[in-house]
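What follows is one structure encoded as structure tokens, with my remarks underneath.
The values are calculated or read from the model by the stated rules, or taken from the named source; none is laboratory data. Fair warning: this is a prediction, and the values are worked out from it, not measured in the lab. Methodologically, a virtual Cβ is constructed for each residue, glycine included, from the backbone with ideal geometry; neighbour enumeration extends over all protein chains shown. Each accessible area value is taken on the protein alone, full model and side chains, heavy atoms only, with ligands, DNA and RNA left out. Shrake-Rupley method; radii C 1.70, N 1.55, O 1.52, S 1.80 Å.
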Amino acid sequence: MRETGIIWWGKARRLWALVPALAAFTALVALSHADTSVPLLSFPAAGTVPVPLLLFTPVPVVATLVWCLDNRLPEAEASAVRSTAVADTALAVAVCAVASGVGTAVALLSGSTAAVATGRDTAFLAGIVLCLRPPAGQAAVLAAPAWLVVVVFFGLPSAGPPPVWTVVGHSAAAPIPLTATLLAFVAGLSVLARSSRTSV
């Protein structure tokens, strides 16, 4: 893609919105990396359980990424010749890589390993949302908070770790959640590459 094409693509996607989103993500991870939690209702626990605020930190990043990808110039893209699939896919990978780096940096600076998992959680939720974009359109962005609501209400026991199907809420090195994240993210990138249009 030529330099002018990259500039056109960046303006069309309104990439500036990712800067405050990633800044908000960094602040949230830094503020809630330890034992900060809120009591929420959980059906398996038959009452309220403390839910770590870290669980919700990926939402602004995923929502902004999808909003940027949904910003297009339909007339120009319909008649152009160069594919935006590579640029859109690289953007999704870069955003999740930055989120992972932020979580790792916070963990190293604070001595807490809880923040490391935020990168994995961001990639997992992004993968789900990207898979749902073609059939659901802009409503696909609701899949990220919806997944977290399902996890909180139906997946958090009163004691012990959550079941593996939740993916989020586990340590970063947990093998099954990590595998599920890789599968979801790769599937999401594949769907994104096929659904991206063309650029000049």
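Restricting attention to segment 138-151, and to residues there that are in contact (Cβ under 8 Å) with a residue 40 or more places away in the chain and out of contact with any Leu (no Cβ under 7 Å at 6 or more places or on another chain), which single residue is farthest from residue 61 (Cα to Cα)?
This residue is 151.
Return the only residue of 25, 56 being open to solvent by less than 50 Å² (accessible area, probe 1.4 Å) and either in contact with a helix residue (DSSP H, G or I) (Cβ under 8 Å, 6 or more places away or on another chain) or at pLDDT 90 or above (or both).
Result: 25 is the single residue among 25, 56 that is open to solvent by less than 50 Å² (accessible area, probe 1.4 Å) and either in contact with a helix residue (DSSP H, G or I) (Cβ under 8 Å, 6 or more places away or on another chain) or at pLDDT 90 or above (or both).
Can you report the number of residues in segment 152-171 which are over 14 Å from residue 54 (Cβ atoms), in contact with a Ser or Thr (Cβ under 9 Å, 6 or more places away or on another chain) and open to solvent by 50 Å² or more (accessible area, probe 1.4 Å)?
4
Kindly provide the set of residues from segment 172-191 that are open to solvent by 60 Å² or more (accessible area, probe 1.4 Å), of a type outside the set (S, T, N, Q) and assigned to a helix (DSSP H, G or I), ordered by number.
Those that are open to solvent by 60 Å² or more (accessible area, probe 1.4 Å), of a type outside the set (S, T, N, Q) and assigned to a helix (DSSP H, G or I): 175, 176, 178, 182, 183, 186.
Any residue in segment 185-200 that is modelled with pLDDT under 85 and among the basic types (Lys, Arg)?
Checking segment 185-200: at least one residue is modelled with pLDDT under 85 and among the basic types (Lys, Arg).
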